[in-house]
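S.K.: One structure, pasted below without further comment.
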Number of protein chains: 2
Amino acid sequence: MEVVVSTRNKDKFREISEILEDSSIKTVSLEDFPDAPMVEEDGDTFADNAAKKALVLARFTKRFTVADDSGLEVDYLNGAPGVYSARFSGVGATYQSNNEKLLQSLEGVSEEQRKARFVCCVAIADEHGIVGIVEGESRGIIDTQQRGDNGFGYDPLFISFDYNRTFAELDPSEKNKISHRAKAFAKAKDVILKYIKENS
Amino acid sequence: MEVVVSTRNKDKFREISEILEDSSIKTVSLEDFPDAPMVEEDGDTFADNAAKKALVLARFTKRFTVADDSGLEVDYLNGAPGVYSARFSGVGATYQSNNEKLLQSLEGVSEEQRKARFVCCVAIADEHGIVGIVEGESRGIIDTQQRGDNGFGYDPLFISFDYNRTFAELDPSEKNKISHRAKAFAKAKDVILKYIKENS
């Protein structure tokens, strides 16, 4: 079955395709649908953004679709930046300005209170509606300075409990074993395979 | 505008209707749609269950619909019982057997690790799709014994940080000020009012 992965980013598409790889699944990127509408990610929750994206695109492409939304939730900030992760530092936010704002927001805050989690929510939809919404998380703690050159976003500040290094200090292959996105798409794969079984 | 609240429980319907109360909103219970289909809550996430319920019922009733799913997530249990809250202790689970299982699962576990949150996820849908998915949470800690006679479910074990008493020791009016459900439906109301404004 063809599965549309709702991203135009080649690296992200390849990463997700590798997780979903199965003889019964053929992943297709949004690059194949140049006229697909942009869905504004203005929801209150990751599930909201992912579900709207998956539904709109499944209808547009008339194909089974997976869409994700993800971000960082910091305990001390009551779950912020959350759905605002990409624009934490305001209009024109960059990875660097977001990381600086996060460091500032946690100045003088104890280690216990710097706990955080990366969350990825994946919605799965066909033309008729939502088939499933799954979530993956990766737990860790926010560092007091940036470390490492890999990854993107908040990776230089997020010390994963799985490795005791920041995400930016990990090889992509290490990160992909335990990342919130890898976990969420592994669950999404189960949902897709169950759907194929029930609809064949 | 008529808004279907997807519950057949009179107390829950009244509680939610009070939160949504507004001159432009008229709440209707599922009691008015006796033939509405039961939607199985077999999803991986609260958002999954709420979104499916809202979509299916919005299409069936041809009306704007809100649907919720909620549960308890305990830190030490990595988020369990979560979507399995109602059936934590297995087939034929009762509030009492679920509470006993939770106490057992946390035997000898330190206070710090007994932190937990009640989560409520509300999905809002019209006939065409998901309009929004919002979430409310209430943070607290799991007690070492049951206290209080009010409420239901895990209420006798959940000490709310807002009151330092268990949910079962609170008056309904106290609980409704800070509960996960109250917070989620307050956010849902904002989504509904915005929708009415944009579609009138």
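The values are calculated or read from the model by the stated rules, or taken from the named source; none is laboratory data. Computed from a prediction, not measured in an experiment: that's the story for all the values here. Note: ideal-geometry Cβ built from the backbone for every residue, glycine included; neighbour counts use all protein chains shown. Surface accessibility is based on the protein's heavy atoms, side chains included, excluding ligands, DNA and RNA. Shrake-Rupley method; radii C 1.70, N 1.55, O 1.52, S 1.80 Å.
S.K.: Using only the alpha carbons of the protein assembly as shown, what is the convex hull's orientation-averaged projected area in square nanometres? Can you show the working numbers first?
M.R.: Values: hull surface 83.4 nm².
Mean projected area for the protein assembly as shown: 20.8 nm², to one decimal.
S.K.: Give me the inter-chain shielding for B:118-125: mean count of other chain Cβ atoms within 10 Å, whole number please.
M.R.: Taking the mean over all residues of the peptide, I get 2.
S.K.: Cross-link list A:K26/B:K52; A:K52/B:K183; A:K12/A:K175; B:K12/B:K183; B:K53/B:K115: which exceed 20 angstrom alpha carbon to alpha carbon?
M.R.: Flagged as over cut-off: A:K26/B:K52; A:K52/B:K183; B:K53/B:K115.
S.K.: Given a 1.4 Å probe, how much area per residue of the protein assembly as shown is accessible, in Å²?
M.R.: 48
S.K.: Using protein heavy atoms only (no ligands, DNA or RNA), what is the total accessible area buried between A and B, 1.4 Å probe, nearest 100 Å²?
M.R.: That pair hides around 1500 Å² of surface in total.
S.K.: Do you know the relative contact order of chain B, to the nearest whole percent, from alpha carbon pairs under 8 angstrom that are 6+ apart?
M.R.: Working: 389 pairs, mean separation 37.4, N = 200.
Once normalised by length, the contact order is 19 percent.
S.K.: Now for a different question. Which GluC sites (Glu not before Pro) in the range B:4-68 pass both tests, a DSSP loop state and at most 12 other beta-carbon atoms within 10 Å?
M.R.: B:E21, B:E40
S.K.: What is the minimum Cβ-to-axis distance for chain B, in whole Å, where the axis maps B onto A, and to which residue does it belong?
M.R.: B:A47, 2
S.K.: Return one quarter of the surface area of the convex hull spanned by the alpha-carbon atoms of the range B:10-64, equal to its mean projected area, in nm².
M.R.: The directionally averaged projection comes out at 4.4 nm².
S.K.: State, to one decimal in nm and shortest first, how far the label point of B:Q145 sits from each corresponding label point in the other identical copies (label point: 7 angstrom along Cα-to-Cβ).
M.R.: Ordered by distance, the counterparts are at 5.1 nm.
S.K.: Where both partners of a DSSP beta bridge lie in the protein assembly as shown, what percent of those bridges are antiparallel, to the nearest 5?
M.R.: The answer is about 80 percent antiparallel.
S.K.: Could you pull the Rg and Dmax for chain B, using just the Cα atoms, both in Å?
M.R.: So, for chain B, Rg and Dmax equal 17.2, 57 Å respectively.
S.K.: Given A:G151, A:Q104, A:P172, which one lies farthest toward the positive end of the charge dipole of the range A:2-199, if we put +1 on the Cβ of every Lys and Arg and -1 on the Cβ of every Asp and Glu?
M.R.: A:P172
S.K.: Test of the criteria: in the range B:1-66, which trypsin sites (Lys or Arg not before Pro) are in a DSSP loop and have at most 16 other Cβ atoms within 10 angstrom of their Cβ?
M.R.: Here the sparse-neighbourhood loop sites are B:R8, B:K62.
S.K.: A further question on this structure: Give me the one-decimal Kirkwood hydrodynamic radius in Å for the range A:112-200, with the sum taken over alpha-carbon pairs.
M.R.: Kirkwood radius, the range A:112-200: 14.2 Å.
S.K.: For the range A:50-200, with all protein chains present and a 1.4 Å probe, just round the carbon and sulfur fraction of the accessible area to a whole percent. Walk me through the intermediate numbers first.
M.R.: Details: 3260 of 6900 Å².
Reported share for carbon and sulfur atoms: 47 percent.
S.K.: Could you work out [θ]222 nm for chain B from helices alone, using -39500 (n - 2.57) per DSSP H run of at least four and dividing by all its residues? Round to the nearest 500 deg cm²/dmol. Intermediate results must be reported in sequence, preceding the final value.
M.R.: Numbers: 5 runs with 64 residues, N = 200.
Helix contribution divided over all residues of chain B: -10000 deg cm²/dmol.
S.K.: State the antiparallel share, in %, of DSSP beta bridges confined to chain A, rounding to the nearest 5.
M.R.: Looking only at bridges with both residues in chain A, the antiparallel portion is about 80 percent.
S.K.: Further question: Placing a label point 7 Å from Cα toward Cβ, how far apart in nm is B:Q113 from its equivalents in the other copies, listed shortest first to one decimal?
M.R.: Label point to label point, same position, other copies: 2.4 nm.
S.K.: Averaged over its residues, how many other protein chain Cβ atoms are within 10 Å of peptide A:134-141's Cβ atoms?
M.R.: For this peptide, the per-residue mean of nearby foreign Cβ atoms is 2.
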